[in-house]
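The next block holds one structure in the form of structure tokens; read it before the comments.
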Amino acid sequence: MSSIPNQNKNHKAIERRALTVGIVVNIAQVAAGMVVFLMTGLKAMFLDFSFTAISVLSGLVAVYLSRRTVRTTERFPNGMFALEPIYAIAKAILTLSLLLYSLLDVIQVAYNYFALGQGEPIVTGPVVIYELFAVAACFCLCLYYRSRNRSIRDSSTMLNAEANSSFVDGVMSAGVGAVAVILMILPAGGPLGFLHYTGDFFITVALVIATIKEPFGVLREAFVELVGGVHDDDETNAHVESVAQRHLPANTEYDKTLIFKTGMNYTVDVYLAGTGDTIDVADLVECKRSLERELKRRLHIVDVDFVFD
């Protein structure tokens, strides 16, 4: 097994520390959310704490992958970075499945009340207190993930997935808390008294509509990485193009660069045209290595290929 450059180890360490902080915060949320759900039976609370439970499990998987994907072996000489977008895709699918399940569940509750006249009044209990804690924790965690990812130039697919997940979780918590407050002050016998039985339905539908875009966004970005799509970050592309033109081998002319990102690994194809009769192989190799060294200051894990088309 080959060694990993210290800089790459450091960036993976930043990723793992951020994921570990998230696991600890989410475990506390799951425990508190489960207690509140058992006390109230509120369906939206089930959606809320179940979503956080997924974040705990996925966080544990992400920490393992963060250690594993960067390692190289004889069979995987370039590491296993494809596992990172696969992780993001799996998490997005789980999130979408949970949203769909919760939506179908509350539709059944609303149907039973409006069509069959069956239902139990919603008990809010300590929901408001829990949701205040949950909203603060989720949005702080989202900002923390994004801050840590920015410190490594947004190269972590997994931190991006976790940040989006925390944002969705925070929106859910805010919505559930808002409904709990409304039900606390809403008279049971008034014209809106039906919300005491079906408020769960309306807030869950609103939460699904408000948050479903996030997992689809993660799914799209991870899929592009997995199937080898070109990286479309304009700032990164401009930086790589500028640096590449300073490291051209003799007797070559710059054409274009294509950047491919898989997890935290970048592959940069620099397209060149020959301008002389010969190209010195030693010069070619040295230019490749010097270009990789400079790009690693920003992109961390980079493989450069010179392509003659």
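The values are calculated or read from the model by the stated rules, or taken from the named source; none is laboratory data. Please read these numbers as outputs of a predicted model, since none were measured by experiment. With ideal geometry, Cβ positions are generated from the backbone for all residues, glycine too; neighbour counts draw on all protein chains shown.
For residues in the range 243-293 being of a type in the set (Ser, Thr, Tyr) and assigned to a loop (DSSP other than H, G, I, E, B), which is surrounded by the most Cβ atoms within 10 Å (Cβ to Cβ)?
Pass one, the range 243-293, residues of a type in the set (Ser, Thr, Tyr): 252, 254, 257, 262, 266-267, 271, 275, 278, 290.
Within this subset, residues satisfying the condition of being assigned to a loop (DSSP other than H, G, I, E, B) are 275, 278.
On the way: THR275: 11, THR278: 8.
Filtering first and then ranking leaves THR275.
Do you know which of the residues in the range 220-242 that are crowded, with 20+ Cβ neighbours inside 10 Å and among the hydrophobic types (A, V, I, L, M, F, W, C) is modelled with the highest pLDDT?
By that ranking, first place goes to VAL240.
If you scan the range 34-85, which residues turn out to be β-branched (Val, Ile, Thr) and in a helix (DSSP H, G or I)?
VAL35, VAL36, THR40, THR52, ILE54, VAL56, VAL61, VAL63
Restricting the first residue to the range 205-223 and requiring it to be more than 13 Å from THR95 (Cα to Cα), which pairs with a second residue that is at pLDDT 85 or above and part of a helix (DSSP H, G or I) meet a Cβ separation below 6 Å and a spacing of at least six or different chains?
Partner pairs satisfying both residue conditions: ALA222/PRO85; ALA222/ALA88; ALA222/ILE89.
Going by the conditions given, is ARG298 outside the structural domain of ALA62 (by TED's automatic domain parsing), part of a helix (DSSP H, G or I) and within 23 Å of the chain's Cα centre (by Cα)? Steps first, please.
Values: outside the structural domain of ALA62 (by TED's automatic domain parsing): yes; part of a helix (DSSP H, G or I): yes; within 23 Å of the chain's Cα centre (by Cα): yes.
Criteria met by ARG298.
Can you pull out every residue in the range 23-52 that is touching a Gly at 6+ places or on another chain (Cβ under 8 Å), farther than 16 Å from TYR145 by Cα and free of Cβ contacts under 8 Å to residues at least 60 places away in the same chain? So that I can check it myself, show each step before the final result.
Of the residues in the range 23-52, the ones touching a Gly at 6+ places or on another chain (Cβ under 8 Å) are 23, 26, 36, 39-40, 44-45, 48-49, 52.
This time we only want the ones that are farther than 16 Å from TYR145 by Cα, so: 36, 39-40, 44-45, 48-49.
Within the range 23-52, just PHE49 meets the criteria.
Quick one: how many residues across the range 53-103 are in contact with a helix residue (DSSP H, G or I) (Cβ under 7 Å, 6 or more places away or on another chain), within 16 Å of LEU219 (Cβ to Cβ) and either of a type in the set (Lys, Arg) or without any contact (Cβ under 8 Å) to a residue 24 or more places away in the chain (or both)?
1
Which residue is modelled with the lowest pLDDT, if the candidates are limited to the range 85-102 and must be under 15 Å from ASN164 (Cα atoms) and among the hydrophobic types (A, V, I, L, M, F, W, C)? Reasoning before the result, please.
If we filter the range 85-102 for residues that are under 15 Å from ASN164 (Cα atoms), which is where we start, we get 85, 87-96, 99.
Going one step further and asking which of them are among the hydrophobic types (A, V, I, L, M, F, W, C), we end up with 88-90, 92-94, 96, 99.
Working: ALA88: 88, ILE89: 92, ALA90: 89, ALA92: 87, ILE93: 90, LEU94: 85, LEU96: 87, LEU99: 82.
Looking at the filtered set, the residue picked out is LEU99.
Within the range 233-282, can you find the residues that are more than 28 Å from ARG71 (Cβ to Cβ) and of a type in the set (D, E, K, R)?
Once the filter is applied, which keeps residues that are more than 28 Å from ARG71 (Cβ to Cβ) and of a type in the set (D, E, K, R), the range 233-282 yields ASP234, GLU235, GLU241, ARG246, GLU253, ASP255, LYS256, ASP277, ASP280.
Yes/no per residue for (1) closer than 24 Å to ASP233 by Cβ; (2) of a type in the set (A, V, I, L, M, F, W, C); (3) in contact with a strand residue (DSSP E or B) (Cβ under 6 Å, 6 or more places away or on another chain):
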{"residue": "ARG71", "(1), (2), (3)": "no, no, no"}
{"residue": "MET80", "(1), (2), (3)": "yes, yes, no"}
{"residue": "GLU84", "(1), (2), (3)": "yes, no, no"}
{"residue": "LEU94", "(1), (2), (3)": "no, yes, no"}
{"residue": "TYR101", "(1), (2), (3)": "no, no, no"}
{"residue": "ARG148", "(1), (2), (3)": "yes, no, no"}
{"residue": "GLY177", "(1), (2), (3)": "no, no, no"}
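Would you confirm, using the coordinates I've provided, whether MET184 is part of a helix (DSSP H, G or I), surrounded by fewer than 19 Cβ atoms within 10 Å (Cβ to Cβ), aliphatic (A, V, I, L, M) and touching a residue at least 24 places away in the same chain (Cβ under 8 Å)? First the steps, then the outcome.
Details: part of a helix (DSSP H, G or I): yes; surrounded by fewer than 19 Cβ atoms within 10 Å (Cβ to Cβ): yes; aliphatic (A, V, I, L, M): yes; touching a residue at least 24 places away in the same chain (Cβ under 8 Å): yes.
It is true that MET184 is part of a helix (DSSP H, G or I), surrounded by fewer than 19 Cβ atoms within 10 Å (Cβ to Cβ), aliphatic (A, V, I, L, M) and touching a residue at least 24 places away in the same chain (Cβ under 8 Å).
Name every residue in the range 37-64 that is surrounded by fewer than 22 Cβ atoms within 10 Å (Cβ to Cβ) and over 18 Å from VAL168 (Cα atoms), in order of residue number.
Residues satisfying the conditions are PHE37, LEU38, MET39, THR40, GLY41, LEU60, VAL61, VAL63, TYR64.
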